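Beneath this line is the structure, given in structure tokens, with notes to follow.
The values are calculated or read from the model by the stated rules, or taken from the named source; none is laboratory data. For clarity, every value in this text was computed on a predicted model and none was experimentally measured. A quick note on method: Cβ atoms are made from the backbone with ideal geometry, for glycine too, and the neighbour counts reach across all protein chains shown.
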Amino acid sequence: MQEGGYVGDINDWLRDAEDKTDGCRPHFYRGKVLNGPETRKAGRDIFDDCEMVKIYIPGESKLLPDRLVEDEDRARWPKQYAIFKAGAEQRVRGTPLEDWTSNGRAVLSPAQCATYRAVGHIQVVEDIARLSDSGVGVLGPNGYKLREAAQAFTAPLPASEAEMREKLAEQAREMAAMKAQLAQLTGGGASPVTPATSPPPAEKRPVGRPPNAKAA
């Protein structure tokens, strides 16, 4: 959804699909709508099942569209809609506000996290990074600096750095596997086997006729 509430045609929605160029976050759900003709005919309220969507706009504390699902919504957020149709949980993708750290320290206090959720529909660091200039105000006096920090935090890694991290992770996995094998060989092997006691040797008998034996 572009600023000012302009929706545009289906091509605009497809170009901006899946929250990649704006901060809108949909939540699809099943609701009900009053069926006017059937209600008048029956003389009592008759409802039909329907698909609804709430559109959260980070930074907009008072704007929360909640309406029937339209074709534009299905085209704009195809993955989220597919998850909804499958009956799976619609999770917010991104880094939770509490997990945003810098130099080992939390960037936001618990009070800030709770306030941003309640006032600005802000759930993850990516929401802060995508805030419009008009929406930055919900962050307080340091809103622009926080947005810049969030944009730096969520920026994709350079290819070389990403490859290096993957190599280090692979080396760590290999080292863990080697340690596990070594532990099995040194401490997790079979217990020593106590040798069994050998039976006494059988008595040897002389070959041939016993001494002093009489011939038949």
- Message: Pairs please, first residue from the stretch 134-153 and over 14 Å from VAL107 (Cα atoms), second anywhere and not in a helix (DSSP H, G or I) and not hydroxyl-bearing (Ser, Thr, Tyr), Cβ atoms under 6 Å, 6+ apart in sequence or on different chains.
- Response: GLY135/GLY59; VAL138/GLY59
- Please find, within the stretch 1-49, the residue that is modelled with the highest pLDDT out of those that are hydrophobic (A, V, I, L, M, F, W, C) and closer than 20 Å to ALA88 by Cβ. PHE28
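Select from the stretch 37-80 the residues that are hydroxyl-bearing (Ser, Thr, Tyr) and assigned to a loop (DSSP other than H, G, I, E, B) and list them in ascending order.
Of the stretch 37-80, the ones hydroxyl-bearing (Ser, Thr, Tyr) are 39, 56, 61.
If the condition is that a residue be hydroxyl-bearing (Ser, Thr, Tyr) and assigned to a loop (DSSP other than H, G, I, E, B), then SER61 is the only one that fits.
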- Criterion (farther than 21 Å from LEU64 by Cα, within 21 Å of the chain's Cα centre (by Cα) and either exposed (fewer than 13 other Cβ atoms within 10 Å of the Cβ) or charged (D, E, K, R) (or both)) met by exactly one of LEU157, LEU168: LEU157
